[in-house]
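Quick one: structure below, then a few questions.
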Amino acid sequence: MRKKIVAGNWKMNLTFPEGIKLINDIIQGSESLSDVQLVIAPPFTYSHEASKILEKTNIGLAAQNCTNNEEGAFTGEISAKMLNSIGVKYVILGHSERRAYYGETDEIVNEKIKLALKYSINPIVCCGEVLPERENNEHFSVVAKQIKGMFYEITPKQVSNIIIAYEPVWAIGTGKTATPKQAQEMHHFIREAIQNSYGHEIANNLSILYGGSCKPSTAKDIFHKSDVDGGLIGGASLNADDFINIANSF
Ligand code: PGA
């Protein structure tokens, strides 16, 4: 059985005290949750404290990014090795905002995936098309190309530590959620692509998350689709009740 995962991507939101309060509220709210791996991705500067608070819980700590370099003279960057040293277990890589605003390519994401895995951090690897690509019916080929680039030289053993998030860019932060059918057909397509390269068992065990304006009101229908294994949640993860309600949607 593959893992059900609901991950909160806080992006560049909340002050430190607000973030710590949200973590504590999520811990409280999650006590009755079973069967779902919760993950939260606060900003880097909150990670160490978050790690200490989350240590005795089942909630996983993620970072929102890491650099594609091992270590050295890269002013302002944060490495996978550093994240590992403070107990970070997951890292979001290839988010569309990183691609759009910071020039991240599939090749760079591939380098980051390899470093994250080297330091025992599970990458949550994002893919998804922009609106004109969907309107031109190019969404499948766009996502296939992203997956191919990001998984370059990734071994079957490594894939079992990777999570994929399908996030149609037109749905992120727009309030326009993909329909359950749109999510299912893309998730199925992604699973097939992984199956073609890595075989049935690995593809079947891969968790594929949906992201893009996922809310308590929309999560249920999406999460019930057979190839949807959870969500990567932005805006709604900043509210503990909404985040927990989404995790209760399976
Ligand atoms: P959203 O963001 O839920 O606010 O649309 C999702 C994401 O970017 O991961």
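The values are calculated or read from the model by the stated rules, or taken from the named source; none is laboratory data. A quick note: this is a predicted structure, and the numbers were derived from the prediction, not measured. Cβ placement follows ideal geometry from the backbone for every residue including glycine, while neighbour counts extend to all protein chains displayed. Surface accessibility is based on the protein's heavy atoms, side chains included, excluding ligands, DNA and RNA. Shrake-Rupley method; radii C 1.70, N 1.55, O 1.52, S 1.80 Å.
Being in contact (Cβ under 8 Å) with a residue 12 or more places away in the chain and away from the ligand (no atom under 16 Å from the Cβ), is that true of even one residue in the stretch 91-105?
yes
Filter the stretch 164-177 down to residues that are at pLDDT 95 or above and open to solvent by less than 40 Å² (accessible area, probe 1.4 Å) and give me whichever is farthest from ASP229 (Cα to Cα).
The extreme case among them is TRP170.
Name the single residue that is least open to solvent (accessible area, probe 1.4 Å) among those in the stretch 76-87 being closer than 18 Å to GLU104 by Cβ and assigned to a loop (DSSP other than H, G, I, E, B).
SER79
Are any residues in the stretch 107-134 in a loop (DSSP other than H, G, I, E, B), more than 16 Å from the ligand (Cβ to nearest atom) and either on the phi < 0 side of the Ramachandran plot or surrounded by 20 or more Cβ atoms within 10 Å (Cβ to Cβ) (or both), and if so, which ones?
TYR119, ILE121
Take the residues in the stretch 217-226 that are surrounded by fewer than 19 Cβ atoms within 10 Å (Cβ to Cβ) and of a type outside the set (Lys, Arg), then tell me which one is farthest from ILE27 (Cα to Cα).
Result: SER226.
Is it fair to say GLY199 is surrounded by fewer than 23 Cβ atoms within 10 Å (Cβ to Cβ), under 17 Å from the mean Cα position of the chain (by Cα) and of a type in the set (Gly, Ala, Ser)?
The answer is no for GLY199.
Would it be correct to say that VAL142 is hydrophobic (A, V, I, L, M, F, W, C) and either over 21 Å from VAL91 (Cα atoms) or touching a Leu at 6+ places or on another chain (Cβ under 6 Å) (or both)?
In short, yes.
While we're looking at this one, here's another question. Do you know which residues across the stretch 143-182 are in a helix (DSSP H, G or I), within 13 Å of the ligand (Cβ to nearest atom) and among the aliphatic types (A, V, I, L, M)?
Hits for the stretch 143-182 are VAL169, ALA171.
I'd like to check something: does the stretch 194-201 contain any residue that is more than 10 Å from the ligand (Cβ to nearest atom), in contact (Cβ under 8 Å) with a residue 40 or more places away in the chain and among the acidic types (Asp, Glu)?
no
What residue, of ASP227, ASP241, is more than 15 Å from the ligand (Cβ to nearest atom), acidic (Asp, Glu) and assigned to a helix (DSSP H, G or I)?
Checking each option against the conditions leaves just ASP241.
Yes/no matrix, rows are residues, columns are (1) out of contact with any Cys (no Cβ under 6 Å at 6 or more places or on another chain); (2) of a type in the set (Phe, Trp, Tyr); (3) open to solvent by 60 Å² or more (accessible area, probe 1.4 Å):
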position	(1), (2), (3)
LYS145	yes, no, yes
TYR152	yes, yes, yes
PRO156	yes, no, yes
MET186	yes, no, no
ARG191	yes, no, no
ASN205	yes, no, yes
GLY230	yes, no, no
ILE233	no, no, no
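A follow-up question, please. Among the residues of the stretch 1-54, what is the count of those that are closer than 17 Å to SER249 by Cα and not in a strand (DSSP E or B)?
10
Does LEU38 qualify as being surrounded by fewer than 21 Cβ atoms within 10 Å (Cβ to Cβ) and of a type in the set (A, V, I, L, M, F, W, C)?
no
Ok, one more. Among the residues of the stretch 51-92, how many are over 19 Å from LEU232 (Cα atoms) and touching a helix residue (DSSP H, G or I) at 6+ places or on another chain (Cβ under 6 Å)?
Counting residues in the stretch 51-92 that are over 19 Å from LEU232 (Cα atoms) and touching a helix residue (DSSP H, G or I) at 6+ places or on another chain (Cβ under 6 Å) gives 7.
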